[in-house]
């Protein structure tokens, strides 16, 4: 039974004073007096629970604003892009020079049934996040798959700037190869400049470290003075920004017509990148567009040593406790002395036939020799 009805009926039945009942049950006396007055005028209907919504709300948003918010929400959803309250506010400000607050827009969407409140998630402040300080300080690259209309798949190579989230390249391929990554990077750099670092996962098109060598992309980065970085195996969070970009892109593509050719897909990718870079406000960069965030600061640039790898086979190694590195030539393993003082150093071996150059990661030459294939150990001179 409703507490108000129960207390009023108790007062009428037993004659206990309203003040005494209110004190005993921890409720307001004025509330009980109000219920009693309603009961005397309306009878039992006066004790029914009533809405506390005000009769007039002078601060309520105008009806035309609500219609614009709903129309814009539907437009963005049909386009397949972000349609949250902050994005809607940004678009409204561009169209009408002013806009309601994001909380007001959210309430309108909730009242119209477009959003359902969710339980509080883990606060963003609890996450340890990394973001480059400057544009071109770090680029992230990764490949994702996009379904074709006939059931097959195309591959899409995406490269974004870590600081601004700018998409510097989004290219469609039937199968992405290492030279494709190199060409895509150069095309992107023609528009945006070369990055200081290039971050990828451990895919074979990005690195050949698992095979003891160097992929075309790694070799190209080395010659440009760009630091190559790779995520820990089975840890995609390291490249989380480009992974999240994949989701945003696929949400857009899901709203477009199915494609059969690579040219059709590339046309859709170009449309999305233009919208994403120059129109869509991005939460990760203070609700600016990625293009605005990219142009707001001075750009970083490659600062590493430029090591010419043309004509060389390139491999990485670490100097052993004995001061040696190893190299396999025609199936035979050779040990090359570098010096115990370099123990634990990571080095780069450039091999052209029997000619071997051993460099530190800063480009300094530690040793140069002509390999003697008849002996296993190549001593220091």
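Each value in this text was obtained by applying a stated rule to the coordinates, not by laboratory testing. Just so it is clear, the structure is predicted and the values come from calculations on it, not from any experiment. Don't worry about glycine lacking a Cβ; one is built from the backbone with ideal geometry, like all the others, and counts go over all protein chains shown.
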Can you tell me what percent of all Cα-Cα pairs in segment 3-47 are more than 17 Å apart? 19
Which value in nm describes the separation of the simple spin-label points at residue 247 and residue 310, placed 7 Å from the Cα toward the beta carbon? 4.4
On alpha carbon coordinates alone, what is the Rg over Rh value for segment 63-111, Rh being the Kirkwood radius? 0.92
Express the relative contact order of segment 313-378 as a whole percentage, based on alpha carbon pairs under 8 Å and six or more residues apart in sequence. 30
Across 156, 338, 41, the residue with the highest GNM fluctuation in the chain (Cα network, 10 Å cutoff) is 41
Sorted by packing (mean other beta-carbon atoms within 10 Å per residue), highest first, where do 64-75, 80-91 land? 80-91, 64-75
Rounded to the nearest 5, what % of DSSP beta bridges with both residues in the chain are antiparallel? 80
Reference-scaled alpha-carbon Rg (2.2 N^0.38 Å with N residues) for segment 138-295: 1.02
Arranged from highest to lowest average of other beta-carbon atoms within 10 Å per residue, in what order do the peptides 20-29, 268-277 appear? 268-277, 20-29
Say each of residue 40 and residue 67 gets a label point 7 Å from the Cα, pointing the same way as Cα to Cβ; how far apart are those two points in nm? 4.9
Of the peptides 372-379, 342-349, how do they stack up when ordered by the mean number of other Cβ atoms within 10 Å, highest first? 342-349, 372-379
Whole-number Å³ per residue for the convex hull built on Cα positions in segment 290-381: 141
Averaged across orientations, what area in nm² does the convex hull of the alpha carbons in the chain project? 32.0
Helix-only estimate, please: 222 nm mean residue ellipticity of the chain, summing -39500 (n - 2.57) across DSSP H runs of length 4 or more and dividing by its residues, to the nearest 500. -11000 deg cm²/dmol
Considering only DSSP beta bridges where both residues belong to segment 313-378, give the percentage that are antiparallel (nearest 5). 90
Could you give the length gained on full extension between residue 321 and residue 275, defined as 0.36 nm per residue of separation minus the Cα-Cα distance, in nm? 11.1 nm
